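Novice: This is the structure I want to talk about, given as structure tokens.
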Amino acid sequence: MDQFIEEVDEELKRERYMDLWRKYGTYMVAAVLLVVIAVAGTVGWRQYQSNQRTQAGLTFLEAQRLTEQGKKAEALAAFGSLGKTGTGGYRELSRFREAAALAGQGNEAAAAGIYDSIATDQGADKLFRDLALVLYALNVADRAEPKGLIDRLKPLTAESEPWRYSALEITALLHRRRGDDAAAKEIYRKLADDDNAPGKLRTRAAEFLAVIGN
């Protein structure tokens, strides 16, 4: 009798499992498939990104080689292309190199345009954006409206900012363009007396002070 009861119990369990499978089996299979697809997609995407970074690195090195060989037009085209399609840091580095190449050819307006586009690109790293703003300001300091450029550079002059000294020096030049020698002198004095400032920058600040008077 005990054996009979156990067999009946097992049969009832089996019937309940079959009912559950008929009711939910399709959903369970679909859920498992979704997990498999998600995992495979993640692995595939990471592999794709890795391949893209490798290819971008090789393209960047090739553009560098073209530069060293004096093939300026080809190098400029390569940096320009990578600046549009590259991944990771290679995209920003290529845009910087493209701008530098254009500036070297005397096309400062085009170079400034690239620097400005990096500086306003929220997808770029902040360090790159701030450096691009400094380089943009340097390229247009002699022709841009001084007040607007001074305002844009102001956040970069804080003590915690990595490009602080360059931003301060350009700001002083812009004050001179505005005819505000007092503001320019104040900045130059701080730079000349700052032991942490780069040596060449301190020298330039002292020279400007000698020209415009202490």
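The values are calculated or read from the model by the stated rules, or taken from the named source; none is laboratory data. As the structure is a computational prediction, the values presented were derived from the model and not from experiment. A quick note on method: Cβ atoms are made from the backbone with ideal geometry, for glycine too, and the neighbour counts reach across all protein chains shown.
Novice: Condition test on ARG177, is it surrounded by 13 or more Cβ atoms within 10 Å (Cβ to Cβ) and farther than 28 Å from GLU98 by Cα? Full working, then the answer.
Specialist: Details: surrounded by 13 or more Cβ atoms within 10 Å (Cβ to Cβ): yes; farther than 28 Å from GLU98 by Cα: yes.
Criteria met by ARG177.
Novice: Return the only residue of LYS185, LYS190, LYS200 being under 23 Å from ALA99 (Cβ atoms) and over 27 Å from the mean Cα position of the chain (by Cα).
Specialist: On the way: LYS185 fails: under 23 Å from ALA99 (Cβ atoms); LYS190 fails: under 23 Å from ALA99 (Cβ atoms).
Of LYS185, LYS190, LYS200, the one residue that is under 23 Å from ALA99 (Cβ atoms) and over 27 Å from the mean Cα position of the chain (by Cα) is LYS200.
Novice: Among the residues of region 147-183, how many are among the hydrophobic types (A, V, I, L, M, F, W, C) and part of a loop (DSSP other than H, G, I, E, B)?
Specialist: Residues that pass the stated criteria total 2.
Novice: Let me ask something additional. Out of the residues in region 183-214 that are of a type in the set (Val, Ile, Thr) and under 20 Å from ILE150 (Cβ atoms), which is surrounded by the most Cβ atoms within 10 Å (Cβ to Cβ)?
Specialist: ILE187
Novice: Taking GLY88, is it of a type in the set (Gly, Ala, Ser) and at pLDDT 90 or above? Break it down into steps so the answer makes sense when it comes.
Specialist: Working: of a type in the set (Gly, Ala, Ser): yes; at pLDDT 90 or above: no.
Taking the combined requirement at face value, the residue does not satisfy it.
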